[in-house]
Structures are given as structure tokens and as C-alpha cells.
């Protein structure tokens, strides 16, 4: 068994509960604040945005939340996902380290995002909501939500950052295949969008603007809600199916991780893999180093400040205490689209502050180099986001080669790169440059963040 | 177990032998002929093109051929592939039929093609060959061969039909990630290519021309051989891992196919799924209807003639007795790129002549409609090629709805459509047209085929 490439689980081994790490942390997390009053946000404040069940999950102190049968039924289209032992990569690196990766690219949308899209749509459907709105950048989240809406018969309206809408039509087509309606953002649909287009008809858009458009459409209609693909507690909790399965799979082959690395954008892929292992670490069963990996071009944990900030550019969302580069921060157009968020999930920021995780940042050329080496040895072409995790895993494996240590490394390959080949083309042509982010850029963006003590 | 979505196998359940259906057929197959002498081609005739081991496999009468350990090691990166029960599609169709599909899109290249690319490269490597050449259209085969070459350290040079090279850069990038060198065909590399470019600098190319370029480069160099992704006996034999696994998986849940449908281009995906079931049918264990599905725009089995023809346009390959539309036949640019070959594998043609399989043709709009319905219910966006098989499976399922029969349908989903989204976009926009192929077009192409009795 130890020699296999894939450690598989049966469908009846899909976790039946999500894990809420808040129940096990040594300190409470600072609450979100109402954007107007700066008082702790209440369930009512979230009412126009999310269904009751998700607001409850966002605030719950329960350690475990049951996964509904209807959600498990959809999960079964692709879950459990395989855990791979990277034999061929290890051999190429000539390392005594053992590298395992949990592969989420087998989902219909090709990433971990459907793990939360499906329950989010389910709870909205159950409460009679007819339509969901959301934003998307490169399209991973938008396509996942469109897929999930198709499963429960909801309409899905997506605001896609205009620059991506124009340059990457294929993700849009994927959303449309699943019945999603896609607007370039800024759009003529919302007042905010129109105001921006009046000033600049070719406005490239941004995630922050797209969020504002999607949110404003959701609050304006009683039967419409909004869905977010990362950052929030309930989103990270839904993603813990990744880590729970990985834990079971590692146990099956008697493997215990010495180092766990995950890429962090909003934080949902990282939290999904890491939190179940953190639970075991907190209870003294295992003792892995747990490491976040972020792009040098958007280093929220390693260079951002831990303070209250908005989730969007326009300041419509509640204030959240998180590592942030400032909600006005616009990352350079690096290709790891999913890692370009100005903030980090409050929950990931919190465990970082508690010293439960480390963080490093890596430049994109090292990441793509790792991605190409991974594709040549393991076959799968990774999405640009998880190449950060792969690069970090390779660093550890090469250290082991030096030291002779036989460390066990675990990481998450959160998606394939079939719709990101243009960025690989750029890398292979030698047209890719590393971003050397100046501290003054961060300082300037942070200067517009309201000064709130929490 | 009967309610699961995915029937999985362990790695040690990957077949250890390929199945050669020639050993079990009631009549021998007409031999390939030398293109010059029209005498049966000898092993020596194939020498400049293929390594000895593959020529032996092409001509063997043995029922089973052992799969080398080194090939199994690479297969384990993605094999065994899952067999799915399409619960959600069945429900949407409101049919009493049970639909199973064997999914080959989990391979690194995203289709069944690596099943033969890997052993082909292995045998070449073993005989000291340093480089392989091949042709590719949309790029499925080229990317599979590039992936396989990366596993055994061979160079890979690919001639891609120029029209695809220009309009679909992403498959090319995939080939380059795995180290492949890609030329648009016609190219300036070969004499034949240059002669065509002299007449038309913007020549769009064709599969036939690309084959001629790849073949001429292979025969000109002692350390270089050529690889073909379909049509030949050894290619179809390598693909029987699909059917052997599916047979085992069906057995595990006690399912017996009443109808087996597969899409046919060159014939390798169809043969791979069908031949192991045909063995069971020939020995009286089961009695499924076995049905080929081809595009109405390239109906080799349903409208072509069974006669000797060349495998390429320039007439460099041996003559093979097969269903053909004539080697000069250029199919309309329908989007199911892999189904655009003018001929059908001699082996598939032979079993068709023996009455062991049926054949139907389906228009592309019905196929894309089936593809979208499949994506909405089962999640996976299928490649255009297998939408033909899905459309045929849906036809049977809807007949069952009428008749009340609880038939068990088995098909192969031979690849995902992540790199074919442009054709879905065209379909969704309503810009897709069905081709009504005129018999006179076929007659004209057939008029240039040499008249050889065999």
C-alpha cells in the first residue's frame, strides 16, 4: 500500500460533518463590525446578504456541523478526492522526503471551490431564495457557483472583472454551460457600474468593484442573496472536507505530516486542508509545521497589517479584523488570479496571530518553474495558485536532500491549470517578470484604512 | 454499493495485460499492403516507422500481451479511471434506464490517448530511439505523446495542423509544458511542407499533410521513429485497459450492459471500451448491442466504402482495408476534431463487416445539446467527441422511458472539454450549424482511391 500513487476513499468515507476550528482555538476571534456603526455585526446585519443557515454557521461555536444529505449527494459527483504520493517528483528531486498532495482539480469546476458553492446554494434554495449573485476574477469561483446553482435550480448572476471577461472567454463559457449569466464588471446593470463606465467606458474593473455590484443587486431584491467564495468562516468550514479526507487518507498509509504547506489567497483552500490537522496538533496527536504560502506580489500575511478593514473597495461589507494590504490595494496583474485578494481570511489571520501557522512568500517565476517540473513528473498541469504550494513543498524536499531528513510533506493541489495555459505560455516564452513590491505601495494603501481599535 | 456514483478500483486492479481481439474473431483481417507493390506489408516495411516491439504487437495473433512494469508505473498516475453511474442524468431524463460511463478525462492530457502514448514511448525508449515525431489536430494526441515522452526522456516533435495551431494556442502550450516541440503544418522543416507553403503561405494544413511531414522526418533519421494515436491494431490493443477495467467495475456492482455505445473517430476509444465486452459476447457470457457513433459530417462507417485506402493524403503509409470516405476527403470543420479522420480503424471496420457492431451517425447540434445537459447534471463538461456517445446513450434512455424497459447502458466519456470551450461558446450563441453531407462529395473523394482487390 505504501507504494501506491493514489490513496482513495469510498463514497461512504466522505466526511459527514464540517469542522469548525473556532471551537478549539485558545482565544476568541475579534468579531466583524458593522461598516456604519463600527459595533459588532449582528445576524440581522448579514440578513440581506446570506440565508439564515449560513449566518448561523458564520457565527457558530459548535465544533462540528452536519453536512446535509442533499449536499453529500452532489459532493459524490467527485468526492472523495484522491490523495497522491508524488513518487515521480520525489525521484526527480532525488530527495529522501515523502511528498503527498491532495488533489481538488477533479471537481467539475476544476478546483476546491465547489466544496462551498454546493452547500451555499443548498441553504439558499432551502430558504426559498431564487437567485444568487457573486463576483469572479479569472472565473474559478463564478463557474463553481454556476455549477452548484444548476444542481438546485437557482439562477446565478455573476459579475466578472472586465479585464478577465475580455481576455479569458473560456471560463465565461463554462459558467454559461451551467446556466450562469455573466456580466463584465463594471456593468451597465448597477448604478455603481454605470457611474464608473461614464468616467471610463473601457474600465478594466477589479474584484472590489465586482463585489460591490453583486452585493448591491442582492440587497435590492428580496429573493436574491449574495455568495462569497472565500474569506468568511462558513466558507473555510465547508472546505474542511479536504483536510478531513486527507487526514483519513494519511492514516490509511500510516503517514504523518512533518510539514503542511498550502497556498493562501482568501484562505479557504489553506484553511480547508490545514484546520483538521491543526485540531490534531492542538490536541497533541501530531506536531507538523503548518505553513502558508503567498505570492510576493500580494503578501498579506508577511507584509500586511493585522487590523480592521473592508472586504471590498467601496466599503459596503462589514469590517473584518484581518491581515490586509488595504482595501485600495490593487495587486500587480500576476497570473495567480485567486491569490490577488487584498486581505486574508480573518480566521487564517487569527491563527497566524496565535502562532499556530507560519507564512512565507514566493515569486511567481519560482512558482511556474515548480509547476512545469510538477507537470513533467506527476502529469497534472497545476493552476497558478497551487504552484505556490508546490514551490514551497519543493523547497522543503530539497532541504531534506541536503540534510538527509526523511520528512513527510503534505500539500493541497487545489486546482488544475487547463484554463490558465496563457500564463504558462508567458512563462515558457520568458516573458514573465517577478514583482518586487515596494513597501511604500503598501503603506499608501494602508493609509486609507479606517483606524478602528478592536 | 448500487447507489454509488463512482465505482473505483485499486491500483493493483489495473489490468496487467492488453487484450488482442484478433485472437477471438471468427475471420482473419485483410492484411495491410505495401503502398508501392500492393503486396502484404512485412515487418521490415514498418521498420523505419515503428520500433520492433510495436510492429510485433501490430501483427501478433496472441490473445494477451503483458503490460510492462514501467508502463504500469506511469498508468498509476491516473489509472484505474472511475466508472460513474449517471444518477443525476437519469433523473433529469426521467428514465428507468441505468447509464454508466467510464471516464478517461482524469488522465494528465485529459483523454484516453495517454493509454497508448505511454507504451509507445516506452518501447521506443527501450530500443534506443531518441526522438518521436507525430501529427496532431486539435492537440489531444500531441499533448499525450509529449507527456509520455517526458516520462521516458525522449524528444517529441509534433506537427500540428496550422489552422488549429493558430486558433487553439492552449493545447500547444500544454505540449510545450511537457517539453514537446510544436510546428504548424505545413512547416518549413520538411520539403513537402515547404512545397505547400510556396503555393500558399497561409496554408491551413490538414491531418494528412501533418502525417506526411511527421513520417518523412522519422524515416530520415535513424534515431527517430513515428507514433500514431489511433487506427492501428497495437493502438487499439493498448486502449483495451479501458474496457477491461470497465468490465471489472460493472461486475463489482452486478451490472451487465444491454447497450454499449462509443464514439468513433479513428476507432481507438471505441475499440478500447468495446473489445473486452465483445470477447465476453463472443464467448456467450453477455449479449449487449454494441454501437459505434460517428458525426454526420464524417460518416466513415455509415456512408464510407470498405476498401483499401491510404492512411494519409500523400500516400506514404501502407494501404489498409477499412471503411473510408477517401483519403482526399476533407471533412467540414465541425468541432469534434478527433472524429474527423477520413478512415476508420481496419479492426473496427472488420468487426463492423462481421456484424459484431452497429453504427449510427448524429448531427453536432444534438451532440452539444447532450453535452450541455450532461454538464448540468453530472458536472463534467465533455469534450465534443464523447458528446456523440452521450447523445446516443440519451437516445436509448429516452426509448426506455417510452417502453418502460430498464436497460443498462454503458459508454465511454473519453475526455473533458476544458480546451474545447470555444465550440461550446459557438453552440450556446446559436452559431453552430449541422452539416448535411452530400453523397456526391463522398463519391468524388472515393474516385481517387486506388482500385485494389484484397
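Side notes on the structure shown:
- Boolean, residue B:109 is within 13 Å of another protein chain (Cβ to nearest Cβ), under 18 Å from the mean Cα position of the chain (by Cα), crowded, with 24+ Cβ neighbours inside 10 Å and not in a loop (DSSP other than H, G, I, E, B): no
- When B:323, B:350 are checked against the criterion of being in contact with a helix residue (DSSP H, G or I) (Cβ under 6 Å, 6 or more places away or on another chain), at pLDDT 95 or above, more than 14 Å from chain A (Cβ to nearest Cβ) and more than 29 Å from residue B:5 (Cα to Cα), B:323 stands alone in meeting it.
- Test: residue in the range B:235-243 that is touching a residue at least 12 places away in the same chain (Cβ under 8 Å) and over 30 Å from residue B:279 (Cα atoms): no
- The residue that is surrounded by the fewest Cβ atoms within 10 Å (Cβ to Cβ), among those in the range B:411-420 that are within 14 Å of chain A (Cβ to nearest Cβ) and touching a residue at least 60 places away in the same chain (Cβ under 8 Å), is B:418.
- Per the listing A:443, A:436, the residue uniquely outside any helix (DSSP H, G or I) and loosely packed, with under 13 Cβ neighbours inside 10 Å is A:436.
Here's the yes/no breakdown for (1) more than 18 Å from residue A:442 (Cα to Cα); (2) surrounded by fewer than 24 Cβ atoms within 10 Å (Cβ to Cβ); (3) assigned by TED's automatic domain parsing to the domain that holds residue A:210; (4) at pLDDT 95 or above:
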| site | (1), (2), (3), (4) |
| --- | --- |
| A:313 | no, yes, no, no |
| A:318 | yes, yes, no, no |
| A:340 | no, no, no, no |
| A:376 | yes, yes, no, yes |
| A:389 | yes, no, no, yes |
| A:392 | yes, no, no, yes |
| A:399 | yes, yes, no, yes |
| A:409 | yes, no, no, yes |
| A:422 | yes, yes, no, no |
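- Put simply, of B:118, B:71, B:106 the only residue that is under 18 Å from residue A:379 (Cβ atoms) and out of contact with any helix residue (DSSP H, G or I) (no Cβ under 7 Å at 6 or more places or on another chain) is B:106.
- Considering the range A:229-251, and only residues there that are touching a strand residue (DSSP E or B) at 6+ places or on another chain (Cβ under 6 Å) and over 16 Å from residue A:21 (Cα atoms), the residue that is surrounded by the fewest Cβ atoms within 10 Å (Cβ to Cβ) turns out to be A:249.
The values are calculated or read from the model by the stated rules, or taken from the named source; none is laboratory data. On a predicted model such as this, the values are computed, not experimentally measured, just so you know. Don't worry about glycine lacking a Cβ; one is built from the backbone with ideal geometry, like all the others, and counts go over all protein chains shown.
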